[in-house]
Every structure is written in structure tokens, then in C-alpha cells.
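Data first, discussion second: the structure below is written as C-alpha cells.
The values are calculated or read from the model by the stated rules, or taken from the named source; none is laboratory data. The model shown is predicted, which means the values in this text are computed figures rather than measured ones. In this analysis, Cβ positions are derived from the backbone assuming ideal geometry, glycine residues included, and neighbour counts consider all displayed protein chains. Areas reflect the complete protein model, heavy atoms only, side chains present, ligands, DNA and RNA absent. Shrake-Rupley method; radii C 1.70, N 1.55, O 1.52, S 1.80 Å.
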Amino acid sequence: MKQNKYRNTAKILLAAALVIVSFTSCGNSTGTQSLKEKAITRENVINNDSTSVIFFAGGCFWGTEHFFKQVDGVTATEVGFANGHGENPTYDYVIRKETGYAETVKVTYNPKKVDLNLLVDLYFLTIDPTSLDKQGNDIGDQYRTGIYYTSDQQLPSIKERIKAETAKHQTPIVVEVTPLKIYYKAEAYHQDYLENNPGGYCHINPTLFKVAKDANKKNNQ
């Protein structure tokens, strides 16, 4: 009797497990579809008098995100993967395969409060613009530097800043400047990483966070 009871219990548990697996599979399918709807391209970014968006790739996105979060006039930051190929990239997928995606920070700012010129100037403080596919301890094309614009109106300012930066170096600048093609938000644990993990790795000198915080204060007092 006990053996039959155990067998029946095992059958019930097995059936329940199959139901869970089936449900999880459906959930993954639904989740993938949801992620596809969240892909950002240049065409669906909204730029206006109160909100503009620019994307910065500057090596590990944890530090770059935390840096721009400090700037007065920046209204939102988010980390993700930009300008690669393949849908719905995960962090593990990007670092292990040749996807072409770059770790990137989406910076939403109020152009009435902070000028794009200042944002680009600050960006250059956080990187070695002559280093190809490497920033700090991070090596690979996912750590390349780049500025991905979402409006043609942003391009002249970016070109001007690139030209000024080029004059400071004897070796070529390897920061790519292209329109945003596609962007996917990274997993939740990457968002606000240094804020949630103050001891986490960052290639940016911590003293620069205060520089970012103070950079635009006078203009908004």
C-alpha cells in the first residue's frame, strides 16, 4: 500500500512538473515578444524642447551610467546594448559571442538645462579615446567607445567636440560616431549597478563622479 501511495505521489509531482515546464516555456515566448517591443531605434526616440536622448558607449556601462546620473539636467539613465545584430541580446550572449553590440548608456536630458556640448566633454573625461576595444581592465568590441546620436541636430556638436579632442592626442581617436541603429535595455541587475553596489568595479576614477555632479550646477542656480 505504501509503495502504491508513493508511486501515486510521484506521478502527481511529475505531472505538476510538466505543467510548470510547459507554462515556463509559454512565459519565455511571451517574454521574448515583450522584449522585441522594447527595442529602441533612432526612429522611435522622441527629441523635443524638454527631452533629448543620446547614447554613450564608454567601456563597462556600470561606471558610465553612474557618472552621467550625477549631471544636473540629465533626467534619466539606463544601461543596455546598442548597434549590434541579433534580437534580445543578453549580457552573457554579448560577452561570449561576436554580436557587434556595445555596452551603452542611454542618457535622457533636458536640453534647456544641460547642453549636449557639456555632456560630450564630460564623456571624454571618462575614457581613453585612443584605445580600441579596451577601457580599463575590459577588453573586447563590446567595450568600444562610441557616441550614437538620435537626431541630425546633435551631429554638429558631436563633430566639433571630436575635432577638439583629436587635437589633444598624437594617436588617432577611435570613438565611433554613428546614428543609433538599435538598442536593447540590459537586465535589471545591471541598472543603477554602482548605486546598489558601491564597491563594484569601475574603470572611471571615482573623483570624476563629483566633477560630473558639479559640472552644471552654476548654470541651473
* Residue check, residue 81 touching a residue at least 40 places away in the same chain (Cβ under 8 Å), farther than 19 Å from residue 124 by Cα, in contact with a helix residue (DSSP H, G or I) (Cβ under 6 Å, 6 or more places away or on another chain) and surrounded by 23 or more Cβ atoms within 10 Å (Cβ to Cβ) -> yes
* Asked: Taking the condition among the hydroxyl-bearing types (Ser, Thr, Tyr), in contact with a Lys or Arg (Cβ under 9 Å, 6 or more places away or on another chain) and more than 20 Å from residue 204 (Cα to Cα), does residue 51 pass?
  -> no
* Which residue out of 104, 64 is closer than 20 Å to residue 214 by Cβ, at pLDDT 95 or above, out of contact with any helix residue (DSSP H, G or I) (no Cβ under 6 Å at 6 or more places or on another chain) and open to solvent by less than 20 Å² (accessible area, probe 1.4 Å)? -> 64
* **Members of segment 152-167 that are touching a Pro at 6+ places or on another chain (Cβ under 9 Å) and of a type outside the set (A, V, I, L, M)** => 152, 165, 166
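Quick one: which strands (runs of 3 or more DSSP E) lie wholly within segment 109-221 and hold at least 1 residues that are among the hydroxyl-bearing types (Ser, Thr, Tyr) and open to solvent by 30 Å² or more (accessible area, probe 1.4 Å)? Working first, answer last.
Numbers: elements: 145-149, 176-179, 183-185.
Answer list for segment 109-221: 176-179.
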* If residue 98 satisfies every condition in (1) part of a loop (DSSP other than H, G, I, E, B); (2) within 15 Å of the chain's Cα centre (by Cα) but one, which is the exception? -> (2)
